[in-house]
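The values are calculated or read from the model by the stated rules, or taken from the named source; none is laboratory data. Note that this is a predicted model, so its numbers are computed, not measured. In this analysis, Cβ positions are derived from the backbone assuming ideal geometry, glycine residues included, and neighbour counts consider all displayed protein chains. For the accessible areas, the whole protein counts, side chains as well, though only heavy atoms, and no ligand, DNA or RNA atoms are used. Shrake-Rupley method; radii C 1.70, N 1.55, O 1.52, S 1.80 Å.
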Amino acid sequence: MSERRNYFVAFASCFVTFAIVGSPVFALAQERPTVHAVRTPTPVRIDGRLDDVAWQQASVITGFIQRLPDEGQPARRQTELRLAYDDDAIYVGARLHDSEPGRIVRRLTRRDVVVDADRFSIFFDPHHDHLTGVEFRVSAAGGQRDAVLYNDVYSDDTWDAVWESAVGLDEAGWIVEMRIPFSQLRFPQADVLTWGVNAQRIVQRTGEESWVSITPSNESGLASRMPHLEGLAGIPKARHLELLPYVTARTEHVAPVNPGNPFNDGNRAFAGTGLDVKYGVASNLTLDATVNPDFGQVEVDPAVVNLTASETFFEEKRPFFTEGSQILSRFGKSGASEYWSYFFFEPQLFYSRRIGRSPQAPAVGRHVDTPTTTTILGAAKLTGKTRRGWTLGVLNAVTSPEYSRVSDGLTIRDDVQAEPLTNYFVGRAQHTVGSRASLGLLTTTVHRADGSPELDNRLVGQAYVGGVDGHVFLDARRDWVLSGGAAGSSLHGTEGAIARVQVASQRYLQRPDATHLGFDPTRRSLSGWTGNLNLNRNRGNVTVNAAMWGMSPGFESNDAGFMTQADRGGGHGQVLFRKLTPDRFTRTRQLVVAKWWTWNWGGDSQGDGVQAVTNLQFLNYWRYNLALGWSKDTWDDRLTRGGPTTIRPGIKSVNTSVVSDTRKRFFLTMTGAMSERNFNGWSHTFGSAITYQPSDAVSVSMGPQVLRSQSQAQYLATVVDPLQTATYGSRYVFGDLAQTEVSMPTRVNVTLSPRLGLQVYLQPLVSVGDYGAITEFARPRTYDFGEYGRDLGTIAPVPGTSLLQVDPDGAGPARSFRISQPDFNIKSLRVNAVGRWEFRPGSTLFLVWTRFGNDRSNPGDFQFGRDVSDLWGAKPDDVFLVKVSYWIGR
């Protein structure tokens with residue numbers, strides 16, 4: 001174990017050594033063509049016609065090259081690209097020739113949704129750093145998508161710029177025009193600028209993908225492969241300012257919990273206003289601020305039945321936090337074209353959904369009214385790139401204290417604090433070292449104001465995380481890359497708050513048989529570290545990925561980030577074999593073979609397995625995936641949730657999926673998974689989805705998802721009993737669980753125009769758990785359980801309650817105890833309908849309806865017809881929202 005720890009200690013010195021090696025003299029040598037833009041004295045009319053004077057004067061860029069299906073061959077359909085600019089914007093004009101204009105696929109879609117249609121994209125690298133950039137895409141129906149590029153090959157479409165486009169269709173094919181204001185781009189100020197540029201055309205019906213300059217399919221690179229864009233000169237300095245004020249109104253029609261609830265008569269109404277500000281501090285730095293933000297238009301999270309001790313991760317959907325997230329949230333992942341993880345639940349140092357989270361200490365009482373989210377008083381972030389090459393991201397947010405209202409039926413208290421005043425800060429900086437390496441820094445802080453004694457003993461007062469990351473290419477071709485990061489955390493608070501962190505599910509420092517750990521109830525601080533090191537080969541038909549990683553027992557990032565486990569180390573080795581050019585049967589195929597393992601800081605193996613995955617795309621554009629996995633019995637130090645170690649049963653698994661040709665108006669997706677655990681556990685899942693596009697404006701996707709599983713050891717409770725010396729003075733109660741879960745996720749998109757559409761999301765879900773034997777863990781480092789009522793003591797229902805009375809040793813001296821009846825039958829219905837109208841560039845009207853329905857009747861008894869009827873008959877909560885935002889800028 002000491003050798004493993006020494007490995008991570010040596011990580012920092014190895015990282016610095018490789019960073020120093022990354023010198024400019026080893027720069028990647030590659031010939032790139034040059035593209036020219038012409039200055040126009042008058043603005044271009046964006047009308048889908050190439051009849052402006054600027055287009056007659058602009059150079060015509062032709063000679064697009066296929067990447068698919070015939071890599072390296074001239075495009076089958078000619079594309080002509082022209083670029084122009086004035087003081088305020090850069091203009092893009094493209095003539096896309098097609099001898100069969102009636103067959104051009106012109107499916108409508110809402111903004112930023114990738115659609116199987118003919119489309120054209122322009123890419124820019126305004127910083128000309130060969131690492132970052134932007135993409136602007138327009139479909140043949142006029143649908144827009146914009147995205148930022150980072151780490152050379154990755155894109156993030158949560159960025160929404162304000163720009164214009166128009167398309168036209170004629171007998172020669174179709175035309176696209178774009179106007180992209182310089183105010184929406186970040187670039188250094190200079191008299192003469194050189195950018196990177198590339199362009200891509202997709203012909204949907206033939207699957208043809210062509211570029212101005214292609215990256216071979218078995219190589220990596222996008223921003224680094226762009227041709228040079230020259231001719232940009234005399235762009236005036238301008239500090240742009242954008243304002244986005246909004247007003248919102250919301251009504252809630254809530255099914256009352258009971259008639260005596262003074263906080264809920266079934267109807268509520270709210271109204272609010274707020275302001276978003278975007279200010280160009282410089283041409284390459286932007287300050288974003290929001291005051292009293294409202295995110296009522298974002299899609300609701302799906303319903304999840306979580307029987308584990310770990311928190312469920314939900315993606316961030318709020319626009320203020322998603323934009324620029326690639327700077328603030330990614331850590332330890334630069335340089336490599338792809339990353340793989342096997343049984344590595346990587347900690348996320350910054351998780352923006354912590355800002356505005358649900359209050360963490362809701363009150364308990366007969367009638368309680370606690371806010372569902374914490375109010376964000378204000379937030380600001382600064383993002384961009386300095387002249388010296390530093391990529392910066394800084395965010396600060398303040399959330400208000402929140403209080404629960406509590407009533408016992410006679411009196412009301414409104415001073416029960418549920419969340420303190422809190423300040424969140426995250427800072428990120430990255431810098432290239434030479435031409436083959438980069439270094440980065442990231443820090444987060446959370447400061448909570450003093451609250452009630454109960455709250456101070458629940459939440460830490462200060463939480464700090466800081467880390468360094470980066471990469472270095474080991475050869476001049478950027479084929480092999482070493483990347484990684486290391487971070488430390490430090491928490492400070494009351495003894496009660498630090499004790500809660502010590503016994504949390506991420507670490508369980510109280511484990512009685514873990515000699516490498518120790519729970520200290522008098523501690524007022526806790527610290528730890530995490531690190532990872534990755535080796536990748538980015539190019540070729542055979543690639544390699546290997547990693548080593550570790551998280552010390554005391555590491556904790558959950559105050560501003562997200563993590564589910566500490567006290568872990570591990571690694572994996574993987575080889576990927578691929579061929580991305582067509583043969584007699586397939587268009588692409590690849591095979592992945594991997595070996596992985598994990599351990600805890602005491603040296604106990606926590607996972608040891610192998611995996612093989614194959615992916616095929618056939619000539620008819622159908623796709624097939626097959627994954628096989630095997631792991632052997634190891635130790636499990638989390639099953640008893642703070643108790644002694646058990647055996648982790650080995651697993652044999654098969655996962656497969658089939659996807660038909662997504663270019664068609666009707667296509668099918670089918671998935672299946674089977675896993676068999678040693679000691680009689682198993683899980684079978686099946687899913688299918690039918691996607692139908694009856695017209696260019698309508699898309700419907702729906703399909704069932706079914707889960708059946710059997711677990712011999714579903715944790716239920718820990719009962720302290722000094723007489724139970726075999727398991728260190730506590731009894732660990734489990735149940736034999738049979739679970740059935742059925743859901744039908746459904747999406748309907750109606751797009752009347754690129755700026756007007758309706759999106760509906762529907763998720764009915766039924767999840768039933770039927771517990772058979774209620775058991776007790778017998779002895780450490782086994783998978784042995786004794787059944788109450790057969791092997792041990794007695795168990796019986798408590799009349800008139802939903803409790804079970806357990807006497808663990810019958811007539812013996814052990815005290816009896818009660819546990820809740822664990823059977824469940826959860827029926828959930830979630831509906832989210834969002835109408836969106838962008839009535840002018842950047843200005844939007846939202847109409848939103850959200851419905852939540854729940855029913856818990858008939859626990860443990862699954863009857864499909866009855867449960868579905870109960871689901872639709874449950875009294876729902878309905879929320880209606882209207883939001884109008886108006887963009888002021890240029």
Legend entry - Matching residues, the range 720-757, being assigned to a strand (DSSP E or B), modelled with pLDDT of 95 or more and of a type in the set (Gly, Ala, Ser): SER730, GLY735, ALA738, SER743
Legend entry - Tally, over the range 524-555, of residues that are of a type in the set (D, E, K, R) and either open to solvent by less than 10 Å² (accessible area, probe 1.4 Å) or over 16 Å from VAL593 (Cα atoms) (or both): 2
Inset, instruction - Check ARG353, ARG387 and return the single one that is in a loop (DSSP other than H, G, I, E, B) and of a type outside the set (Val, Ile, Thr). - result: ARG387
Legend entry - Qualifying residue in the range 842-857 (condition: open to solvent by 60 Å² or more (accessible area, probe 1.4 Å), part of a strand (DSSP E or B) and aromatic (Phe, Trp, Tyr)): yes
Legend entry - Residue tally, condition touching a residue at least 60 places away in the same chain (Cβ under 8 Å) and open to solvent by 40 Å² or more (accessible area, probe 1.4 Å), over the range 239-252: 8
Legend entry - Test: PHE585 is more than 21 Å from ILE647 (Cα to Cα) and either surrounded by 19 or more Cβ atoms within 10 Å (Cβ to Cβ) or basic (Lys, Arg) (or both): no
Inset, instruction - Tally the residues that are basic (Lys, Arg), open to solvent by less than 30 Å² (accessible area, probe 1.4 Å) and part of a loop (DSSP other than H, G, I, E, B), restricting the search to the range 426-461. - result: 1
Inset, instruction - Output the residues belonging to the range 109-134 that are open to solvent by 10 Å² or more (accessible area, probe 1.4 Å), of a type outside the set (A, V, I, L, M, F, W, C), within 30 Å of PRO694 (Cβ to Cβ) and in contact with a strand residue (DSSP E or B) (Cβ under 7 Å, 6 or more places away or on another chain). - result: THR109, ARG110, ARG111, ASP112, ARG119
Legend entry - Filter result (open to solvent by less than 20 Å² (accessible area, probe 1.4 Å), touching a residue at least 60 places away in the same chain (Cβ under 8 Å) and closer than 18 Å to GLU556 by Cα) within the range 345-382: PRO347, LEU349, PHE350, TYR351, ARG354, ILE355
Inset, instruction - Kindly provide the set of residues from the range 606-633 that are hydroxyl-bearing (Ser, Thr, Tyr) and farther than 18 Å from SER341 by Cβ, ordered by number. - result: THR614, TYR621, TYR624
Inset, instruction - For the range 810-833, enumerate the residues that are of a type in the set (A, V, I, L, M), assigned to a strand (DSSP E or B) and open to solvent by 20 Å² or more (accessible area, probe 1.4 Å). - result: ILE826
Legend entry - Residue, modelled with the lowest pLDDT, within the range 315-328, restricted to residues that are in a loop (DSSP other than H, G, I, E, B) and open to solvent by 50 Å² or more (accessible area, probe 1.4 Å): LYS317
Inset, instruction - Scan the range 513-525 and give yes if some residue there is outside any loop (DSSP other than H, G, I, E, B) and either over 23 Å from the mean Cα position of the chain (by Cα) or hydroxyl-bearing (Ser, Thr, Tyr) (or both), otherwise no. - result: yes
Legend entry - First in the range 87-99 and closer than 14 Å to ASP52 by Cα and open to solvent by 10 Å² or more (accessible area, probe 1.4 Å), second anywhere and in a loop (DSSP other than H, G, I, E, B) and not polar (S, T, N, Q), Cβ under 9 Å, 6 or more apart: ARG95/LEU50; ARG95/VAL60; ARG95/ALA172
Legend entry - Residue list for the range 359-402, restricted to those being in contact with a Pro (Cβ under 8 Å, 6 or more places away or on another chain), modelled with pLDDT of 90 or more and closer than 30 Å to PRO262 by Cα: PRO359, THR374, ILE376, PRO401, GLU402
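Here's the yes/no breakdown for (1) out of contact with any Asp or Glu (no Cβ under 9 Å at 6 or more places or on another chain); (2) more than 15 Å from PHE555 (Cβ to Cβ):
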| site | (1), (2) |
| --- | --- |
| LEU439 | no, yes |
| GLY451 | no, yes |
| ARG458 | yes, yes |
| VAL472 | yes, yes |
| GLN506 | no, no |
| GLN510 | yes, yes |
| ASP513 | no, yes |
| THR522 | no, yes |
| VAL542 | yes, yes |
Inset, instruction - Would you be able to tell me the number of residues in the range 607-624 that are assigned to a strand (DSSP E or B) and either free of Cβ contacts under 8 Å to residues at least 60 places away in the same chain or among the acidic types (Asp, Glu) (or both)? - result: 11
Inset, instruction - Could you list, in sequence order, all residues of the range 475-493 that are in contact (Cβ under 8 Å) with a residue 60 or more places away in the chain and surrounded by 19 or more Cβ atoms within 10 Å (Cβ to Cβ)? - result: ARG478, VAL481, LEU482, SER483, GLY484, GLY485, ALA486, ALA487, SER489, LEU491
Legend entry - ALA437 without any contact (Cβ under 8 Å) to a residue 60 or more places away in the chain and among the small types (Gly, Ala, Ser): no
Legend entry - TYR342 being touching a Phe, Trp or Tyr at 6+ places or on another chain (Cβ under 7 Å), closer than 27 Å to ASN457 by Cβ, of a type in the set (Phe, Trp, Tyr) and open to solvent by less than 40 Å² (accessible area, probe 1.4 Å): no
Inset, instruction - Considering every residue within the range 188-196, establish whether at least one is at pLDDT below 90 and within 25 Å of VAL138 (Cβ to Cβ). - result: no
Inset, instruction - Could you please give the count of residues in the range 51-61 that are touching a residue at least 12 places away in the same chain (Cβ under 8 Å) and either in contact with a helix residue (DSSP H, G or I) (Cβ under 9 Å, 6 or more places away or on another chain) or exposed (fewer than 13 other Cβ atoms within 10 Å of the Cβ) (or both)? - result: 2
Inset, instruction - Considering each of GLY496, GLY518 in turn, give the residue that is modelled with pLDDT under 95, open to solvent by 20 Å² or more (accessible area, probe 1.4 Å) and under 27 Å from VAL720 (Cα atoms). - result: GLY518
Inset, instruction - Might you check whether a residue that is within 30 Å of PRO582 (Cβ to Cβ), of a type outside the set (Asp, Glu) and within 29 Å of the chain's Cα centre (by Cα) occurs anywhere in the range 155-176? - result: yes
Inset, instruction - Considering each residue of the range 858-890, count those that are assigned to a loop (DSSP other than H, G, I, E, B), among the charged types (D, E, K, R), closer than 25 Å to ARG755 by Cβ and at pLDDT 90 or above, and give that number. - result: 0
